Structure formats: structure tokens, C-alpha cells
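Notes for the one structure printed next.
The values are calculated or read from the model by the stated rules, or taken from the named source; none is laboratory data. Fair warning: this is a prediction, and the values are worked out from it, not measured in the lab. We place every Cβ from the backbone using ideal geometry, glycine too, and count neighbours over all the protein chains shown. These accessible areas exclude ligands, DNA and RNA; they are computed on the full protein's heavy atoms, side chains included. Shrake-Rupley method; radii C 1.70, N 1.55, O 1.52, S 1.80 Å.
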Amino acid sequence: MAYPMQLGFQDATSPIMEELLHFHDHTLMIVFLISSLVLYIIALMLTTKLTHVSTMDAQEVETIWTIMPAIILITIALPSLRILYMMDEINNPSLTVKTMGHQWYWSYEYTDYEDLTFDSYMIPTSELKPGELRLLEVDNRVVLPMEMTIRMLISSEDVLHSWAVPSLGLKTDAVPGRLNQTTLMSTRPGLFYGQCSEICGSNHSFMPIVLELVPLEYFEKWSASML
């Protein structure tokens, strides 16, 4: 969960989000070094009267500032492509959950269980209990087992939605007539919040997502109580 005045990402909960944070830091360092070098050169040109007459015509300089950006782009692109392939890879999921977007709530179906379906609505501000988060709490949380690969099938009944949970590194579009899929795996238990990240209508900001990741034994007890 993000906190007020937070400038960075939320703490990583999944291996994918950890990789995304490492890639962000890697890219940010490259951008910082480039910005520092450009700022230094600009300051140098503005503060000195000495100019090398052949610098701007030197073939070596043109070669360097053509090759160096290409090398920098490669050092950014290769880790990015690696993470993209990791995010698309699905290996023998232990559980499948189908998520449908509606105007304006989510419905969930545990396809490995019979008749385990429910809708998830935002709790109105007037009905919140002490300690609950405004515009983020729901009446039915999505309970999932931690440390297990879970496949999410995501679609929509009406308009475009987007199922996003930042701390898990998840953001998948819910498109009517199309079934998208993504995987998640949590390395620790807890409550993880997300929201619809697509401008889907007047109540777009009132479609929260709450995942409750618990140990397997607690998930089995919960699923048995829901059937």
C-alpha cells in the first residue's frame, strides 16, 4: 500500500515486481549519468572562452556520439525484453481465477472450484469501519494462496477496464470479447490494493481491487467455507 507523499514504487511483493524495480534503478542510473554529463558540458561551454577549432568537425567525435547512444539503448533494451518475456511466461499454474470487469465493479470466478463466484463492490465511505481505507476497501476480497503460481483470466462485460495491482507488478486490460491472462505469485502474506487503471466511465475511480494473500491452509479453509 502506498503512503502519502511517496515518490517511488510500492514495495515489491512478487518476483516480477522485484525485477521491475531493479530495471527501474538500472535505467534511472543511466539517465542520471547522461544528464550529469550533458549538464557538465553545457556549463563548461558557457563558462569558458577557450574553443577547440576542430572539435566540431572531428570525425572521431561524430563516431563516438553515434555509437555511444546505440550501446546505451542496448543496455536498456536487453533487460527490458527479458522482463517482458518473464511476465508473459506461464508455467503450470496451481490455481486459475477469472476476473470480469463491470460498470463499476469486479466479479471473480474460481474456475477450479464449483460455484465459487462472487462480486466485489467498493465499500461506501459512510460504511467504512475505523482503520479501513477510503475508496480502496471492498465487500468481498479476493483470497489467494501465497507462494503459488496463480493464473488470472481477465475480461470485461461492457467497456474497457484494466485490472492493476502495483505491488505485484500487474496491469492487464479487460477487453470485451477478449480473454487476457497474467500470472501472479506473492512471496509474503498480506493485503494488496489496486484499482481499475482504464478510464471506463463516471465511476472509473470506484473499482478497487483487494487481494488477500494467505498461507495455503487458510486458503483451503476459506474456500471450503465459501462453497
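Could you check region 176-189 and list, in sequence order, the residues that are over 17 Å from the mean Cα position of the chain (by Cα) and surrounded by 14 or more Cβ atoms within 10 Å (Cβ to Cβ)?
Pro189
So which of Thr125, Thr172 ends up being within 23 Å of Glu19 (Cα to Cα) and of a type in the set (S, T, N, Q)?
Thr172
Could you check how many residues of region 194-227 are in contact with a helix residue (DSSP H, G or I) (Cβ under 8 Å, 6 or more places away or on another chain), part of a strand (DSSP E or B) and within 18 Å of Thr99 (Cα to Cα)?
Going through region 194-227, the residues in contact with a helix residue (DSSP H, G or I) (Cβ under 8 Å, 6 or more places away or on another chain) turn out to be 194-196, 198, 211, 214.
Checking the rest, the ones that are also part of a strand (DSSP E or B) come to 194-196, 211, 214.
So of that shortlist, the ones also within 18 Å of Thr99 (Cα to Cα) come out as 194-196, 211.
Number satisfying all stated conditions: 4.
Note down all Cβ pairs under 6 Å where the first residue falls in region 188-210 and is without any contact (Cβ under 8 Å) to a residue 60 or more places away in the chain, the second is open to solvent by less than 60 Å² (accessible area, probe 1.4 Å) and assigned to a loop (DSSP other than H, G, I, E, B), and they're at least six residues apart or on different chains.
Within 6 Å, the pairs are Pro189/Met146.
Residues to consider are Asp119, Asp139, Asp173, Asp158; find the one that is surrounded by fewer than 20 Cβ atoms within 10 Å (Cβ to Cβ), under 17 Å from the mean Cα position of the chain (by Cα) and over 20 Å from Asn92 (Cα atoms).
On the way: Asp119 fails: under 17 Å from the mean Cα position of the chain (by Cα); Asp139 fails: under 17 Å from the mean Cα position of the chain (by Cα); Asp158 fails: under 17 Å from the mean Cα position of the chain (by Cα).
Criteria check complete, one pass: Asp173.
Return a yes/no flag: does region 74-83 have any residue that is out of contact with any strand residue (DSSP E or B) (no Cβ under 6 Å at 6 or more places or on another chain), outside the structural domain of Tyr193 (by the TED database) and within 30 Å of Cys200 (Cβ to Cβ). Let's see the steps before the verdict.
So in region 74-83, the residues out of contact with any strand residue (DSSP E or B) (no Cβ under 6 Å at 6 or more places or on another chain) come out as 74-83.
Then drop every residue that is not outside the structural domain of Tyr193 (by the TED database), which leaves 74-83.
Next, only the ones that are within 30 Å of Cys200 (Cβ to Cβ) stay: 80, 83.
For region 74-83, residues out of contact with any strand residue (DSSP E or B) (no Cβ under 6 Å at 6 or more places or on another chain), outside the structural domain of Tyr193 (by the TED database) and within 30 Å of Cys200 (Cβ to Cβ): present.
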